[in-house]
Amino acid sequence: MRPPRGGHGEMRMFFTFPLLFMWAVSTSYRFFIDQLKTDRENKERENIHLKTELSFLRSQISPHFIFNILNSLVALSRKRPQQVEPVIIQLSDMMRYMLYENDERKVSVAREIEYLENYIDLQKLRFGDMVKVNFSVYNDAGNKMIEPMLLIPYIENAFKHGVGLINNPVIDIHLRAEGNELALTVQNRFNDNDQKDVSSGIGLKNVERRLKILYDKRHQLRLSKDEEWFKVDLKIELE
């Protein structure tokens, strides 16, 4: 008895389709695994790049800060030498924060605020009645953490450009940390004719880049200026 016409072809197709299907599944799986590996390697390279860039930005901010603080200490030694010793003790705590705690990935909001308070106190001692400083702080952020040395450049900038050839210089600094949000407002009078050194903008440029890296979609930054005032409004979603 002769087999039905086309029987052998149908048998070949019967065995071929499963083989093709298994080959397709195997190829797709291998492509998927390779893509995962590539994505993981790209992500690792990106993380390494960001960490390197962040370390570089921090290293730029610290010398700039030290330069300003040393100028403040020299000015204080000339005007009120009897206050130099307690200020040096206060400065040592600030330097400890800069050199050691600054290397930590995150610090408590309370510790960052303490650092800002020390800096502002030092500037008040330096300028005395020459500059009116309005400073208020409210912290109810619990154990929330923040990137260290992230806020100080805006306050540094206010003292850098808010004194000098300015009538009745005023610096306003208001910080509020509550729940998951930290809000910092800094404003100072300025004079466009009072030219500072070329490095005066380094801190602000760097901190904006750090905000982009660390708090990409979790921060709002607004810089504004009119004829008399320069103002910074910063909001950060805390972790």
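Report the net charge of residues surrounding V87, where surrounding means a beta-carbon distance below 12 angstrom and charges are Lys +1, Arg +1, Asp -1, Glu -1.
The answer is +1.
So, for the range 126-193, what is the accessible surface per residue at a probe of 1.4 Å, expressed in square angstrom?
On the way: 2980 Å² over 68 residues.
Ligands and nucleic acids excluded, the figure is 44 Å² per residue.
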What is the packing order of peptides 74-83, 112-121, taking the mean over residues of other C-beta atoms within 10 Å and listing the highest first?
112-121, 74-83
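The values are calculated or read from the model by the stated rules, or taken from the named source; none is laboratory data. A quick note: this is a predicted structure, and the numbers were derived from the prediction, not measured. In this analysis, Cβ positions are derived from the backbone assuming ideal geometry, glycine residues included, and neighbour counts consider all displayed protein chains. Just so you know, the surface numbers come from the protein's heavy atoms only, side chains and all, with ligands and any DNA or RNA stripped out. Shrake-Rupley method; radii C 1.70, N 1.55, O 1.52, S 1.80 Å.
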